[in-house]
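**Student:** The structure that follows is given in the form of structure tokens.
Quick note: the coordinates plus some simple rules give every number you see, no bench work behind them. Because the structure is predicted, anything quoted here is derived from the model rather than measured. Neighbour counts run over all protein chains shown; Cβ positions are idealised from the backbone, glycine included.
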Amino acid sequence: MTIQSITEATRDLLDEKEAGLFLDTAPGTLSVWRSTGRYNLPFVKIGRKVRYRRADLLAWLKKRTRESGATE
């Protein structure tokens, strides 16, 4: 990996606050979802830090998109 590819890859990582803004959800809510396993929302753990890949957030939203009020 080159420095440029590493920089591009880490630019795609969002911290809890950024991910919360992206999902219109409080960072604390994301923490609860992680600890309880309520939603299968992928995250990356780097030491004590938690990061979310933008692509994972988009895929998660797409999976949760419904065309009717019915749940699966």
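**Student:** Mind listing the long-range amide H neighbours of residue 14? Cut-off is under 5 Å, sequence gap 5 or more, other chains count too, H placed in the peptide plane at 1.01 Å from N.
**Tutor:** The answer is 52, 53, 54.
**Student:** Rounded to whole Hz and in sequence order, give me ³J(HN,Hα) for region 11-24 from the Karplus expression 6.51 cos²θ - 1.76 cosθ + 1.60, θ = phi - 60°, writing x for Gly and Pro.
**Tutor:** 5, 7, 8, 10, 6, 4, 5, 5, 5, x, 5, 4, 9, 6
**Student:** Can you give me the Kirkwood hydrodynamic radius for region 11-64, using every pair of distinct Cα atoms, in Å to one decimal?
**Tutor:** 11.1 Å
**Student:** In whole Hz, with x marking every Gly and Pro, tabulate ³J(HN,Hα) for region 41-50 from phi via Karplus 6.51 cos²θ - 1.76 cosθ + 1.60, θ = phi - 60°.
**Tutor:** 9, x, 9, 10, 9, 10, x, 8, 7, 10
**Student:** May I ask for the net charge around residue 43, where only other residues with Cβ less than 11 Å from the Cβ of residue 43 are counted and Lys, Arg are +1 while Asp, Glu are -1?
**Tutor:** Once all neighbours under 11 Å are counted, the net charge is +2.
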